[in-house]
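> If you scroll down you'll find the structure; I have some questions about it.
The values are calculated or read from the model by the stated rules, or taken from the named source; none is laboratory data. Treat the numbers as computed from the prediction; the structure is a model and nothing was measured. Methodologically, a virtual Cβ is constructed for each residue, glycine included, from the backbone with ideal geometry; neighbour enumeration extends over all protein chains shown.
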């Protein structure tokens, strides 16, 4: 009976440690990003399901007052399996986290850069006016409208 209580206390500590490791792993997978972390996220979701089963089985084995040694052995086996799987997922997450960005990330960054250049060019040509979805007459003073007309006539004369 004393051995079972020590085993149960050790398992409770290991379960708490596993829970904290899974929280850190979840954060690392979220930092990797969707295209690369898709398979890791599926494996992580399976680990979360196994974690809930582990906690449920541990509670059931200790809820009877005296821990059942057979059931605790099964809980311990499940915990060892989860530790191996968690280490494997963590190893792959570290590898992906350190790898070069994927082509999707590079394409998105290039598109964002092109859009920023386009926005700057429009601002340089049109000034502070907002051409998309807003009227040029809204919240504009007469002086600003006159300055805009002079700028437009000068641009037409240059062409």
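> Give the number of residues within segment 47-67 that are without any contact (Cβ under 8 Å) to a residue 24 or more places away in the chain and either assigned to a loop (DSSP other than H, G, I, E, B) or within 30 Å of residue 105 (Cβ to Cβ) (or both).
Residues flagged as without any contact (Cβ under 8 Å) to a residue 24 or more places away in the chain and either assigned to a loop (DSSP other than H, G, I, E, B) or within 30 Å of residue 105 (Cβ to Cβ) (or both) within segment 47-67 amount to 3.
> Identify the single condition in (1) surrounded by fewer than 13 Cβ atoms within 10 Å (Cβ to Cβ); (2) within 30 Å of residue 108 (Cβ to Cβ) that residue 20 does not satisfy, given that it satisfies every other one.
Unmet for residue 20, out of (1) surrounded by fewer than 13 Cβ atoms within 10 Å (Cβ to Cβ); (2) within 30 Å of residue 108 (Cβ to Cβ): (2).
> To continue, here is another question. What number of residues within segment 91-102 satisfy the criterion of being modelled with pLDDT under 75 and either loosely packed, with under 10 Cβ neighbours inside 10 Å or more than 16 Å from the chain's Cα centre (by Cα) (or both)?
Here the count works out to 3.
> Then there's this: Could you tell me how many of the residues in segment 53-89 are surrounded by fewer than 18 Cβ atoms within 10 Å (Cβ to Cβ) and closer than 16 Å to residue 25 by Cα?
Of the residues in that region, 5 qualify.
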